Amino acid sequence: MTESTVMKSRKESSDAYQITWLIRRVFRSMSHVSGRRLGAYGLTPADRALMEFLYPDNSLSVPAIAEKYHVSRQHVQKTVNPLLNSHLIASVENPNHKRSPLLRLTGKGKTLFEKILKDDLQTIEAWFADMGS
């Protein structure tokens, strides 16, 4: 490797690091804002994520969600229970597995999630508009 190749490699690495650092800052900031907004709805970021997996008309079992999104079934079930109790999601019979029902958004859940999506879009647009100033 020539000296100029090493210098170029360090520069690219430094640029990549700076971009990654910026993405992490943006993600943390947006996550913080989102968490506060979700709290106003009585939801957590995990609730929102689960609702997003089911939106608009997906039906998935707890094990399928856990496998697809690389989390434990226990974590998914812990998130599912309050959403079931709040009637934001419902369980329906799973023709492929009698003991593992499918989950889907209820009408109430879909309406709430669409409001959350609208709020997200407004927040993101405002956030990026502020960045340009």
> Once the Cα gyration tensor of region 55-133 is diagonalised, what are the square roots of 5 times its eigenvalues, in whole Å and ordered largest first, as equivalent ellipsoid semi-axes?
Replying inline: 31, 15, 10
> What share of Cα pairs, in percent, lie more than 14 angstrom apart in region 28-84?
Replying inline: 56
> FRET efficiency for Ser13 and Ile124, Cβ-Cβ distance as r, R0 = 41 Å, nearest 0.05?
Replying inline: 0.90
> Considering only protein heavy atoms and a 1.4 Å probe, what is the carbon-and-sulfur percentage of the accessible area of region 69-133?
Replying inline: 55
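Where nothing but the Cβ of Lys and Arg (+1) and of Asp and Glu (-1) is charged, how large is the charge dipole of region 7-133 around its Cα centre, in debye to the nearest 20? It would help to have the intermediate numbers written out before the result.
Numbers: 19 positive and 12 negative charges, 76 e Å.
So the dipole magnitude of region 7-133 works out to roughly 360 debye.
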> So what are the radius of gyration and Dmax for the Cα set of the chain, in Å?
Replying inline: 20.3, 65
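The values are calculated or read from the model by the stated rules, or taken from the named source; none is laboratory data. As the structure is a prediction and not an experimental result, all values here were calculated from the model. Every residue, glycine among them, receives a Cβ derived from its backbone with ideal geometry; neighbour counts consider all protein chains shown. Remember, those area values only see protein heavy atoms, side chains included, never the ligands or the DNA or RNA. Shrake-Rupley method; radii C 1.70, N 1.55, O 1.52, S 1.80 Å.
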